[in-house]
Amino acid sequence: MVATAFPRRALVHGAGPTGALAALALADAGWAVCLHDPLQAGELCARSRAYAFNHSSRRLLQRLGLWDALAGCLVPFTALQLSDRVLAAGVAFGAADLNGASRRGGGGAVGWIARHAALMTVLLQRLADHPAVNLQLGAAFPSPEPPDLVVAADGPASPQRQALGIDLWHHPYRQSCLTAQVELRGLAAGQAWELFRAEGPFAVLPLGSGQAQLVWSAPTERCRQLEQLSAPAFLDRLAGVLPAGLEPDALLDQPRAFPVALLQARRLSRGRTVLVGESAHRCHPVGGQGLNLCWRDVAALHRLALRVSSGRLRPEQLPRRYGLQRWPDLILTLLSTDLLVRLFSNRSPLLLPLRRLALLLLARWAPLRRLCLGVMTEGPCRPW
Ligand SMILES: Cc1cc2nc3c(=O)[nH]c(=O)nc-3n(C[C@H](O)[C@H](O)[C@H](O)COP(=O)(O)OP(=O)(O)OC[C@H]3O[C@@H](n4cnc5c(N)ncnc54)[C@H](O)[C@@H]3O)c2cc1C
């Protein structure tokens, strides 16, 4: 943590996973932070979701000294099976396909899965304990002194973004995404799956003890129907979709469908305000990039806040710098997830040879596998 005589002040709107981490990152950089969310702590933790984290998030958590505190709720996976169900072909990614730094820094894990409630409980506890953080949860919010920086981490509907008059590029997919937690028989420890099916991608993310989070993309109407099925009927449908060797035993929560869209704010800052996380962008859940991309916003904010604290950057320059630094990663990640969905969510005879070639090259050529896994786990701007 950096200590300065006159700490800069930041006001963070939104204590979801992005805003909570942004507040801790700014406090770590020596800033005094006020974090506000209209929801109470219990409501912030209550979502039944699980996130896939990659090495870019792992590096940020380690830099902020949060890795050990979160270790108990991060379930590592060491193998990722990517499978094209239309072509009946696939590729296995493992620790050998990680670059040296990722292999060493992450103990051979390809990625980690964490339940929302466990993650938020740790982050909110850290925020409550941090002397530089003023945590304001609930409707009443005493206006703080004018801050040097305002961070809008208030989600995809971002009232802050709207108040600043920042428009969006918005492309809704015809697919929705259904999430559910299930108990599976035959799930090997440390094994994750990404299946490309004609109706959309389908991920099986291990939560430990034979449990898994499913991220099931399909046409919106089908997701709605799946959401309304009884537990036995849902498990029946699921049995027809799972990879060979996996069988559903029990449904652990209520499946929830949500619309998926590609969303990008036309600018990332205005005046003293920066947009971080889903207030600025949203992508298709394929490849589990969403929250990692949000946390790379936080990583950029942390680096710039450190520069302000050490006098190497004027605070009024931070918002513009932040915008300039984030565009390449955002554009490349949004485009690559979009390309994956377009390429693999169909049976188009024109695209099948291209998919077959891509999978063949990936299966046969280790440097290409390393590059692809690098993009998935470090982001497109730092795959090596
Ligand atoms: C139904 C659903 C299920 C999902 N399931 C998964 C999943 O299983 N796995 C996965 O990886 N991703 C999932 N996602 C996506 C994931 O939730 C997002 O990537 C993640 O929540 C983004 O975090 P964030 O902090 O940027 O935004 P959010 O989590 O949306 O947080 C925004 C915060 O801002 C607060 N806020 C709103 N208005 C104001 C205001 N005026 N002032 C201050 N604060 C305000 C909100 O209360 C909220 O706490 C799901 C999304 C949805 C909608």
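Overview of values
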item	result
Matching residues in region 290-320 - criterion: being assigned to a helix (DSSP H, G or I), of a type in the set (G, A, S) and over 19 Å from H116 (Cα atoms)	A299, A300, A305, S309
Top-ranked residue in region 250-266 [being more than 14 Å from the ligand (Cβ to nearest atom) and surrounded by fewer than 18 Cβ atoms within 10 Å (Cβ to Cβ); ranked as nearest to R115 (Cα to Cα)]	A250
Candidates L235, L214, filtered to the one that is touching a strand residue (DSSP E or B) at 6+ places or on another chain (Cβ under 6 Å), assigned to a helix (DSSP H, G or I) and farther than 30 Å from Y322 by Cα	L235
Boolean, G245 is modelled with pLDDT under 95 and part of a loop (DSSP other than H, G, I, E, B)	yes
Number of positions in region 63-106 that are assigned to a strand (DSSP E or B) and among the aliphatic types (A, V, I, L, M)	8
From the options G323, G287, residue that is in a helix (DSSP H, G or I), among the small types (G, A, S) and crowded, with 20+ Cβ neighbours inside 10 Å	G287
Count of region 32-60 residues which are farther than 21 Å from G94 by Cα, surrounded by 16 or more Cβ atoms within 10 Å (Cβ to Cβ), of a type outside the set (D, E) and within 15 Å of the ligand (Cβ to nearest atom)	12
Selection count, region 153-182, where residues are assigned to a strand (DSSP E or B), near the ligand (Cβ under 9 Å from one of its atoms) and touching a Gly at 6+ places or on another chain (Cβ under 7 Å)	0
Looking only at region 20-31, and only at residues there that are farther than 9 Å from H302 by Cβ and more than 21 Å from the chain's Cα centre (by Cα), the one that is farthest from the ligand (Cβ to nearest atom)	G30
Any chance R224 is surrounded by fewer than 15 Cβ atoms within 10 Å (Cβ to Cβ), at pLDDT 95 or above, basic (K, R) and over 30 Å from E316 (Cα atoms)	yes
Selected residue [of a type in the set (A, V, I, L, M, F, W, C), assigned to a helix (DSSP H, G or I) and without any contact (Cβ under 8 Å) to a residue 12 or more places away in the chain] from L371, L339, L343, L332	L339
Those residues of region 304-355 which are at pLDDT 95 or above, among the hydroxyl-bearing types (S, T, Y) and over 21 Å from the mean Cα position of the chain (by Cα), in sequence order	S309, S310
Exclusive hit being within 24 Å of the chain's Cα centre (by Cα) and surrounded by fewer than 17 Cβ atoms within 10 Å (Cβ to Cβ), set A140, A192, A128, A153	A128
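Let's see how each residue does on (1) touching a residue at least 40 places away in the same chain (Cβ under 8 Å); (2) within 9 Å of the ligand (Cβ to nearest atom); (3) not hydroxyl-bearing (S, T, Y):
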position	(1), (2), (3)
V274	yes, no, yes
S279	yes, yes, no
G287	yes, no, yes
L291	yes, yes, yes
A299	yes, no, yes
R307	no, no, yes
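The values are calculated or read from the model by the stated rules, or taken from the named source; none is laboratory data. In this text the structure is predicted, and so the values were computed from the model without any measurement. Reconstructed Cβ throughout: ideal geometry from the backbone, glycine too, with neighbour counts over all protein chains shown.
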